[in-house]
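Here's the structure, in structure tokens; my notes come after.
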Amino acid sequence: MNAVLASAGEHLSIKSSLEWVSELIAEGANQELTEGEDREPSVRVHVEAVRRPFATRGWELFARGAWRRGGEVVIENACTAGFDLHLRCAGDRADFTYRWRPPARDRAAAHVLRSRFHLLARATLLQYPALWRAGLRRRAPLHASACVSAGSAAMLTAQSGVGRSTLVMHELDAGGRATGDNLAVGDGTTLWGLIEPVRVKGGSGRRMPHGRHERSLPNRLTSVEPDCVVVIVRGDGQAPSLSRCGSQAAANALVSSTYMAGELRRYWAFAAALAVGTGVGPVHPPVEPVASEFTANLPCFSLGLGPAPGAHLFDLLANVQAAA
């Protein structure tokens, strides 16, 4: 594989010398991989075929299984995905090199728990490098997506399992567009989508936990400047209901959803290790300040979902705003 991908506001160059890893990457890229490099990448990802460990003799061991020297970092079995990682920052570019060297336990888990392994490997190889490089621009990872329809752009956040993915697909089926499913990075004004397949009930792709399957996200938007924030919760009625909510309540919901998201469970340690090892970037992303900036500057709403999506979100928004 020799391809490029735009994700989380970053331009990734991806090379893989292992065919099965190339297939795994292509499956997780939402059909957006392209050939050739039309611009200088901000992230380079290279999966090597060699199985020997990275040379760390004379390097400083700064954490279990992690070494550093001169701004470079080596991490064994990064995120327990089975890949050793070497990172070198070169100017405005971050070069990530991986070697498949799983311990016996994680090798067995990769075969037995296939969906879990695919999610971990995609995060380690594609998603976390893009998120970390975006963090050098003071952009924070968020458990959120933006959906655009009927002249409005809503930033959506919800705890896992509430039904946001189903709602997004409901809006897309009606002609809307979105930045992604679960994850994005933001700076308080703009939201950049992170590439990942959508996981919903009724999808036709790879089977995933909680009875869901994957499907691609059509006509994905790379970035959006949202004009409102919508916190999605489980409603107690048969139809969805939308009401105003306070900016602090919306910020708290966005921050808590981000820290509780399973997709980011291993990211915090990943980002901290790279920041400490390279001496570059924040040890902890500015999640709370970015969330507060979004909610302080935009109208905020709470959307209680019924047992089915029902009325479209943007119709509800138009009705609430007309009544204000």
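The values are calculated or read from the model by the stated rules, or taken from the named source; none is laboratory data. Computed from a predicted structure; not experimentally measured. Cβ atoms come from the backbone with ideal geometry, glycine included; neighbour counts cover every protein chain shown.
Brief remarks follow.
- Leu264 vs. criteria hydrophobic (A, V, I, L, M, F, W, C), under 22 Å from Leu85 (Cβ atoms), in contact (Cβ under 8 Å) with a residue 24 or more places away in the chain and out of contact with any Cys (no Cβ under 8 Å at 6 or more places or on another chain): yes
- Pairs meeting the criteria (first residue in segment 14-26 and assigned by TED's automatic domain parsing to the domain that holds Thr124, second residue in a helix (DSSP H, G or I), beta carbons under 6 Å, at least 6 apart or on different chains) are Ser16/Ser22; Leu24/Ala121.
- Selection within segment 8-51 - over 18 Å from Thr97 (Cα atoms) and surrounded by 20 or more Cβ atoms within 10 Å (Cβ to Cβ): Ala8, Gly9, Gly28, Ala29, Asn30
- Residue match in segment 64-80 (condition: closer than 14 Å to Val280 by Cβ, touching a His at 6+ places or on another chain (Cβ under 8 Å) and surrounded by 15 or more Cβ atoms within 10 Å (Cβ to Cβ)): yes
- For segment 220-240, the candidate set comprises residues that are at pLDDT 90 or above and not in a strand (DSSP E or B); within that set, the residue that is farthest from Glu32 (Cα to Cα) is Asp227.
- Every residue from segment 276-301 that is free of Cβ contacts under 8 Å to residues at least 24 places away in the same chain and out of contact with any helix residue (DSSP H, G or I) (no Cβ under 6 Å at 6 or more places or on another chain): His284
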